[in-house]
Amino acid sequence: MAQLSLGSSPIYKAKFARSTIFDPKLKFLEIEQTQLGFWNSSKKDIFLRLQTSMVPSGLNPRDIYRSNMALRLQASTEGVALVQETTETTPKLINDSSDSFTEMKNRFLSFKKHKYLENLERYQELAQAQAPKFLVISCADSRVCPSYILGFQPGEAFVVRNVANLVPPFENGPCETNAALEFSVTTLEVENILVTGHSCCGGIRALMSMEDEENSSSFIKNWVVVGKAAKSSTKATASNLSFDQQCKHCEKESINNSLLNLLTYPWVEERVAKGLLSLHGGYYNFVDCTYEKWTLDYQKSNPKQETGGYAIKNREFWS
Amino acid sequence: MSTTFDPIQRINDGFEQFKINEFNKDPDYYRQLAQKQQPKFLMFACSDSRVSPTNILNLRPGEAFMARNIANLVPVSNKERYSDIGAIIEYAVETLNVEVILVIGHSRCGGIERLLALPDDETSYDFLDDWVSVAEPAKQRVIAENPDASGEELQTLVEKASVLDSLKNLLSYPYVQSGIEANTLQLLGGYYDFVRGNFQILETVTV
């Protein structure tokens with residue numbers, strides 16, 4: 001049974017360290033495992049020598065055995081791997097881990113072959129600097145990745161993904177979302193911010209379901225309460241609808257709530273007022289595969305009013 | 001603002017391509033997905049426009065619950081300060097029952113670069129500086145162990161050390177710890193080097 005505790009003393013009874021490079025050009029590689037203070041104090045540096053064949057699948061970590069201190073890689077019949085011998089303890093197969101590694105390796109090598117190497121000049125340029133035109137704030141939901149559904153390629157969009165694609169207002173203080181907002185707006189100088197929500201959002205559902213309690217042991221509840229203004233306006237205008245329909249209404253209201261929260265950041269509002277930055281809302285319905293988008297009409301909005309009035313323009317529906 | 005770039009047209013084109021080439025070609029898959037997501041992975045990746053795991057690992061919708069923040073950081077569990085991160089982990093582990101949490105660091109990370117410039121840099125970015133300080137322990141440890149390292153070499157070491165710290169910090173979330181102990185969850189640390197074009201697994205944590 002694993003002994004897990006924090007701190008700098010030896011912590012993991014059963015863990016292993018490995019360093020695997022996925023790179024089809026690899027002929028001979030020596031990798032030094034960095035020794036870090038908080039790991040087991042008796043752990044030595046592990047040197048792993050890999051010699052792959054030119055066949056991309058030269059590395060075959062199909063069988064991975066774990067021991068306390070070292071690891072053993074079983075070489076494929078095609079490639080030759082010179083391995084570090086394990087110590088004495090009985091090895092244990094880690095099925096999921098090896099499947100995950102193999103799949104991940106294949107996917108990465110496919111990306112490298114079909115995209116990276118075929119657009120090498122572009123990738124080399126990007127390695128020097130990024131200049132994305134978009135900041136995208138999207139939900140962490142596995143079904144709604146903006147790279148996939150909106151086709152963003154490397155270099156195009158600086159992306160924040162959190163539960164329910166929420167943007168907290170300035171006065172809530174620092175968090176991961178507004179750190180990314182600050183960096184993308186003031187340093188990368190993105191020209192567009194797109195807050196993109198989606199159907200059947202678990203986070204919004206949690207917001208709509210929760211009772212109005214201030215303190216909760218749940219992280220989710222403590223986070224989604226950022227969207228409470230959207231919940232209030234949904235309850236005020238859509239209480240006659242079914243719960244599912246109210247959730248859908250709130251998913252969209254929350255996007256607008258986030259757009260208004262963006263304007264609470266002075267360096268955002270300043271740029272929007274000057275026409276250097278546009279704020280857009282988007283809603284992906286993955287049930288019928290449609291996308292709705294709109295842009296905040298800053299000139300006609302009065303976010304500082306108590307009612308938080310806002311106007312939108314250029315609404316489009318793609319199906 | 002650039003006059004030739006039309007942001008709306010750009011995302012319109014992107015969505016159309018997705019609908020025609022992906023969604024419409026596998027309606028059963030997407031219908032199932034609309035009912036329920038069952039991703040195997042929770043991934044933490046940087047917000048950097050160059051490192052979307054969907055691109056570099058060819059992920060399909062439904063495969064990975066994805067958190068993206070500056071420098072792909074996971075702070076120690078703190079309900080008051082970092083409920084955003086906690087919410088992601090809680091939902092992924094408790095509700096979605098993911099099997100693997102993968103933290104992916106990367107080369108030339110602007111967040112780590114900013115961390116290394118502190119505290120001497122004249123300009124202060126309140127939100128950014130507060131966030132990247134999550135990786136301060138990694139920075140201090142690397143500097144102590146590599147006093148002669150500087151520039152890109154130092155930055156790379158901190159980028160990687162920070163990934164390992166994030167794995168350690170994940171264990172401060174009770175349901176992560178119990179998932180590891182029950183062998184229903186494992187943690188992986190990865191590193192994408194887009195200068196050299198390779199991907200490295202740095203560390204794994206299992207029962």
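The values are calculated or read from the model by the stated rules, or taken from the named source; none is laboratory data. This is a predicted model, so every value here is computed, not measured. FYI the Cβ positions are ideal-geometry reconstructions off the backbone, even for glycines, and counts take in every protein chain you see. The accessibility values were calculated without ligands, DNA or RNA, using every heavy atom of the protein model including side chains. Shrake-Rupley method; radii C 1.70, N 1.55, O 1.52, S 1.80 Å.
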Karplus-derived 3J(HN,Hα) from phi for the stretch A:167-174 (6.51 cos²θ - 1.76 cosθ + 1.60, θ = phi - 60°), whole Hz, x at Gly and Pro, runs 10, x, x, 3, 6, 6, x, x
Tally the DSSP beta bridges in the stretch A:169-319 and give the antiparallel ones as a percent, rounded to 5. 65
Could you pull out every residue, at least 5 positions away or on a different chain, whose amide H is within less than 5 Å of the one on A:Gly197? Hs are placed 1.01 Å off N in the peptide plane, and Pro or chain starts have none. A:Gly282, A:Tyr283, A:Tyr284
Under unit Cβ charges (Lys, Arg +1; Asp, Glu -1), what dipole magnitude, rounded to 20 debye, does the stretch A:162-221 have relative to its Cα centre? 260
Summed residue charge, Cβ within 10 Å of A:Ile137's Cβ, Lys/Arg positive, Asp/Glu negative: +2
Considering only DSSP beta bridges whose two residues both sit in the stretch B:91-207, what percent are antiparallel, to the nearest 5? 50
Cα gyration tensor shape for the stretch A:155-308, rounded if a/c is under 1.5, else prolate or oblate: prolate
Accessible area, probe 1.4 Å, largest first, for residues B:Cys109, A:Cys200: A:Cys200, B:Cys109
Full-extension gain between A:Lys300 and A:Gln128, please, as 0.36 nm times their residue separation minus the C-alpha to C-alpha distance. 57.9 nm
Scoring chain B by relative contact order with C-alpha pairs under 8 Å, at least six apart, yields a percentage of 21
Ignoring everything except DSSP H segments at least 4 long, calculate the 222 nm mean residue ellipticity for chain B; use -39,500 (n - 2.57) per segment, divide by total residues, nearest 500. -12500 deg cm²/dmol
Dipole magnitude of the stretch A:153-252 about its Cα centre, charges +1 at Lys/Arg Cβ and -1 at Asp/Glu Cβ only, in debye to the nearest 20? 420
Per-residue ³J(HN,Hα) for the stretch B:112-120, Karplus 6.51 cos²θ - 1.76 cosθ + 1.60, θ = phi - 60°, Hz, x for Gly and Pro: 5, 4, 5, 4, 5, 6, 7, x, 7
Heavy atoms of A:Arg107 accessible to a 1.4 Å probe, total area in Å² rounded to 10: 50
From the backbone phi of the stretch A:275-288, what are the Karplus-calculated ³J(HN,Hα) couplings (6.51 cos²θ - 1.76 cosθ + 1.60, θ = phi - 60°) in whole Hz, Gly and Pro given as x? x, 8, 9, 10, 10, 10, x, x, 9, 9, 9, 8, 7, 10
